Amino acid sequence: MDSPRHSKNANPNREPKRSQNQPTAPRQKDAYARLLSQHSSSKFSLYLEQYARDTMFQRDGNGPSTQAQSDRLNIPQRKRDQVPYDLSDSSDFSPSSMKSKEEESSLSLYMEKLSTRSAQQDCERKQGVADRQRRGQRRDTATSQDGDIESGEELSSFKPNDSKKQQKQQKKNKDSQETDVFVGRPQSPKKAGTSGQEQEKTTKSKKKNLPKYQEEDKVREGAFKCEVDPQMSRPKSPHGKDKKQQQQPRADKSKNKGGRGSKKQVFEAYMTVEEVSHGLKRGELIQGQLRINPKKYHEAFIPSPDDTRDIFLDGIVVRNRALNGDIVVVQVLPREQWKVVRSDTDCEGASESDTQRDNTVQMAKKKAQRTPGPDVTVEDQSSDQDELIRKVQNTTLTDPGEPLEDPSTPRPNGEILQKTAKVVYIVEKKHSRAVTGFLKFLPDKPFAMFSPVDHRVPRINIPLVDCPENFNSRSGDYTNTLFICRITNWASDSNFAEGRLAKTLGQAGEIEPETEGILTEYDVDSSEFSDEVLNCLPKDLPWTIPPEEMRKRRDLRTECIFTIDPATARDLDDALSCKQLPDGNFELGVHIADVSYFVEEDNALDAIASQRATSVYLVQKVIPMLPRLLCEQLCSLNPLTDRLTFSVIWKITPEGKILSEWFGRSVIRSCVKLSYDHAQSMIEAPEKMFSAEELPPMDPEHPVDEIHQAVLNLHSIAKNLRAQRFSGGALRLDQLKLSFTLDKETMMPQGCYIYQYRDSNKLVEEFMLLANIATANHIYRKFPELAMLRRHPPPKAKLVDELQELCDQLGITIDLSSAGALHKSLNTTLGDDEYTTARKEVLTHMCSRPMQMALYFCSGGLKDEQLYKHYALNVPLYTHFTSPIRRYADIIVHRLLASSLKCGPHLGLSTQEVQKQASHCNDKKTVSKRVQELSSELFFGVFVKECGPLDSEAMVMGVLDQSFDVLVLRYGVQKRIYCKSITGLDSFHHRKVGKKSELTLVWTQEDHEKPPEEQVISIFTLVEVQLKADGAPMKYSAVIKRPEENAS
């Protein structure tokens, strides 16, 4: 549907919102026509006719005319029946709300429900046309490190919200009313026998000339119109009568007034600051960060204050114009509107459908009989083993006829209640309000329609004056052009936001425009540093260390000190030294670039560094936190150059026992820049005599043998320290990381490989951890109210219990009682064959789901020291000290350390200011990791397009009832495969015992004389897949091969 989106200023043409008392004639006629064809009872027909007459009378009294509605929508008469309406916000059609309408009979309510379902069919049919195309356009889906398996096909979030009486009636009519419940891509009953392939072929033939994002627009246009106006045709829910709504009219109350030209509220007015403050103090309101599911943008969550299951926000209306990442205040809805959650840890936590309880479903029938069951996992993980899982599972409304149990108490079938809520206030708009997307010309309108690539952001009206000069006459030229738009306003009476075009990026599918779009969306400052900032840098170049500064420091320039980094690294933060002492022990040093010497507190350079908070590493480039003069020259510990450092030097035994410790400012001169490959070759060949030609240029004062021996000594001590850490209860969850080889001129991907984490990496990591732990203890001891520390909370207990149950049923022996126990379990052999490593990767992914992310915090802001602990490292105190070139948190730690040693000024920050900076660093770290993942996805999408299709073995890592997730072993990427999209599949059956989920795929045979071949899909099943580029730019999908192809 191509009807325009309407801005606040275009109210006469805005889509009319249906009131409960104002059903539109075309929709009612269409819905009842279908119902009458399905329910042949003459008595039932009379009921329907009577109800239609009643509602027509109400409409004539209050509502706008049919023609008026058609005119406002600018839709031809013949198309009006196709207009989808909002019917998805289950909170407004709850059993309890039905009871509040005493003047309506239960029969009329039942027929309201049936008409609702009929309208849902209309909406879902429009949604279903291009589900796969929608997946192709989504950018904000995660990759291997993130756990959000890429696309999500189930768009619908309509939910059956019936009382017991209605459920019985539905069950009675189920056989004759096939379209009453459905999920995903629906079909009409007439087409229930049509094969999946035929349906796809028909759909594609109708749309073959449209770009994929335009197909998505049509789908999403219907979806948003279905989503954003739930109060119109439904009885008011009880939560509409709270104190706040008595003061401020609810959206549905204003809508009931109807009338031509009246503005109808889509969203509730926000509470006042005073109301929010009092509500939070009384515990009536809850504050948290909003997370919108990238796979199903109708669904959002905020963390529960009691650390149990997340609070669920069902639909766009209840989000009240908040965007992903915003800090919001929510009001919990009445208990009868809470959801029932079924725990399915084995497969991203959700069953996709409640209709297939018999676990055997023919594919065509499955398309005609669908009930929406959201399958949602929204995850985020950070480096340093910072894993965050936000999991919400299959949801339906609770039955108010049953006694409501304690939310945390599982029902006999394993289900528990989950709170639902609505946004009443936005505390902080953390979302940048900038998005990439495409422009669509709307004839006779003063604005164009902007369709964001990120489906979690609304459609946006753009003034035509912002569009390219020839956009009106040659809009087709811009079909594949990527733009950046910034949202400027989103009125409470509008389904869509208003915005301005910020920039034309270029052609969609090209790396640089797409990269710039990612950086803008995530508010990554990639601009050049201002003159004011650059003026803070040393002017006299080449710069040398002033003699007075040299006298204040420990001179280590004659020591054998060297760096070990990736071969392409240019910002060298850290160096190592290891000198054997006469008593057999070692003097071991970690030397970190003294960035705080150059970045003075409270100047322009400090301000921009604190704002950026971290460098952002893309596949093809780095967005630095500091100007390159510092990053790559004055601070970088480049070889054969005098550099200022902060050093930690230990006297340590060969076994790794620390005998003494020294902190201080120093000067070093690195004797060589080793890569991880160089160090690894030295570790693997301890007896080899390396020639100077095999290594980079080095200081002649330190021969190759001296450096080689120092690397071997470091490796030996690191192995001992590592063994002690893990035997002491530490945990490491390694996940596959994809790396690329790029063409030096074009920067296009030439190849890709899974990054190997080897002994040389472990060597450096071990001493960085040791330095960070030592520094954390030192600054906390000196500044118990100001220390910038890093904590890692333990995993969510409920999710751990579910994972334990799943593993028990899978026959996997795993101990989740502590970090150390989990580490030992993961390193217990999972079989003894070539796929052992793959099984460990799958199990590691499963175990990462309950984990939370590590966070910076100020010690003075958190009084309970038990909360300081770092779960994965199993240490009481931890911080970041070793990467000040790329992390602002480390600069604050350096300043604290200098102050404690009387070799620097006192930190000019209060506890509250340190905590505020810690929170900002947390946000920027999360963004940095997400942008890095999106960059990797972008390059891999290009690689598949240029070099594909790519074949690989894959291992199943999660099973839902209509799809399954695989880890593609050759490339380390995770993809979801949908059963209804598999070519050559006759049917599939889902079976679940406890937490263990299993799919049986039934393949058709070319020889029809042969019986169909069955293939069982469960966790750890090996399959063959092919990665193919989609039509949408940069996107690709995984296609499972037939079993006989695997054998060949």
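One Cα centroid belongs to the stretch 874-928, the other to the stretch 439-455; the line between them spans 45 Å.
Would you work out the charge dipole size for the stretch 732-835 about its Cα centre, treating the Cβ of every Lys and Arg as +1 and the Cβ of every Asp and Glu as -1, and quote it to the nearest 20 debye? Don't skip to the answer; put the middle values down first.
Numbers: 12 positive and 15 negative charges, 157 e Å.
Using Cβ point charges on Lys, Arg, Asp and Glu, the stretch 732-835 gives about 760 debye.
Listed cross-link partners LYS339/LYS798; LYS539/LYS916; LYS429/LYS798; LYS621/LYS824 are compared with a 29 Å cut-off, the Cα-Cα value being larger for LYS539/LYS916; LYS429/LYS798; LYS621/LYS824.
For CYS631, neighbours were defined as the other residues whose beta-carbon sits under 11 Å from its Cβ, and their charges (Lys and Arg +1, Asp and Glu -1) total 0.
What's the extension gain from ASP525 to GLN709 if we count 0.36 nm per residue and subtract their Cα-Cα distance? Each step should come with its number before you reach the end.
Numbers: separation 184, 0.36 × 184 = 66.24 nm, distance 4.33 nm.
Residue separation times 0.36 nm, minus the Cα-Cα distance, leaves 61.9 nm.
As a rough guide to protection, the peptides 785-795, 539-549 ranked by mean Cβ packing within 10 Å, highest first, stand as 785-795, 539-549. Anisotropy class assigned to the stretch 535-628 is oblate, per the alpha carbon gyration tensor with a/c at or over the 1.5 cut-off and a/b no larger than b/c. For each pair in LYS419/LYS925; LYS552/LYS657; LYS840/LYS995; LYS902/LYS925; LYS782/LYS924; LYS422/LYS1035, compute the distance between the two Cα atoms and list the pairs where it is over 22 Å. Pairs exceeding the cut-off: LYS419/LYS925; LYS552/LYS657; LYS902/LYS925; LYS782/LYS924; LYS422/LYS1035. Look at the dipole of the stretch 674-750 built from charges on Cβ: of HIS678, LEU714, LEU733, the Cα furthest out on the positive end belongs to LEU733.
Peptide packing: for 493-503, 308-318, the average count of neighbouring Cβ atoms within 10 Å per residue gives the ranking 308-318, 493-503, highest mean first.
Can you check what the net charge comes to around THR828, using other residues whose Cβ is under 12 Å from the Cβ of THR828 (Lys, Arg +1; Asp, Glu -1)?
On the way: positive: LYS824, ARG839, LYS840; negative: ASP815, ASP832.
After counting each charged neighbour, the total is +1.
For the stretch 646-739, with all protein chains in place and a probe radius of 1.4 Å, 51% of the accessible heavy-atom surface sits on carbon or sulfur. Taking packing as the residue-averaged number of other Cβ atoms within 10 angstrom, the listed peptides 456-465, 295-304 run from highest to lowest as 295-304, 456-465. Taking the charge dipole of the stretch 751-825 about its Cα centre, with +1 at Lys and Arg Cβ atoms and -1 at Asp and Glu Cβ atoms, the residue from PRO794, GLN804, VAL764 reaching farthest to the positive side is VAL764.
With Cβ to Cβ distances under 13 Å as the rule, what net charge do the other residues near GLY908 carry (K, R +1; D, E -1)?
Details: positive: ARG895; negative: GLU600, GLU601, ASP602, ASP606, GLU913.
Charge balance near GLY908 sits at -4.
Each label was represented as a point 7 Å from its Cα along the Cα-to-Cβ direction; for ASN480 and THR544 these points are 5.8 nm apart.
Put a plus charge on the Cβ of each Lys and Arg, a minus charge on the Cβ of each Asp and Glu, and nothing anywhere else: the dipole of the stretch 829-956 about its Cα centre is then about 860 debye.
Roughly how many Å² is the accessible area per residue of the stretch 927-1010, as a whole number, for a 1.4 Å probe? Intermediate results must be reported in sequence, preceding the final value.
On the way: 2730 Å² over 84 residues.
Computed with neighbouring chains in place, this is 32 Å² per residue.
What you get for the stretch 444-506, charging only the Cβ of Lys and Arg (+1) and of Asp and Glu (-1), is a dipole of about 160 debye around the Cα centre.
Here the stretch 496-561 has 46 percent of its accessible surface on carbon and sulfur atoms, given a 1.4 Å probe and all protein chains in place.
Taking the charge dipole of the stretch 481-547 about its Cα centre, with +1 at Lys and Arg Cβ atoms and -1 at Asp and Glu Cβ atoms, the residue from TRP543, PRO513, SER492 reaching farthest to the positive side is SER492.
The values are calculated or read from the model by the stated rules, or taken from the named source; none is laboratory data. Quick caveat: nothing in here was measured; it's all calculated off a predicted structure. Here Cβ is always computed from backbone atoms with ideal geometry, including for glycine, and neighbour counts include all displayed protein chains. Ligands, DNA and RNA are stripped out before the accessible areas are found, and what is left, the full protein with its side chains, is counted by its heavy atoms. Shrake-Rupley method; radii C 1.70, N 1.55, O 1.52, S 1.80 Å.
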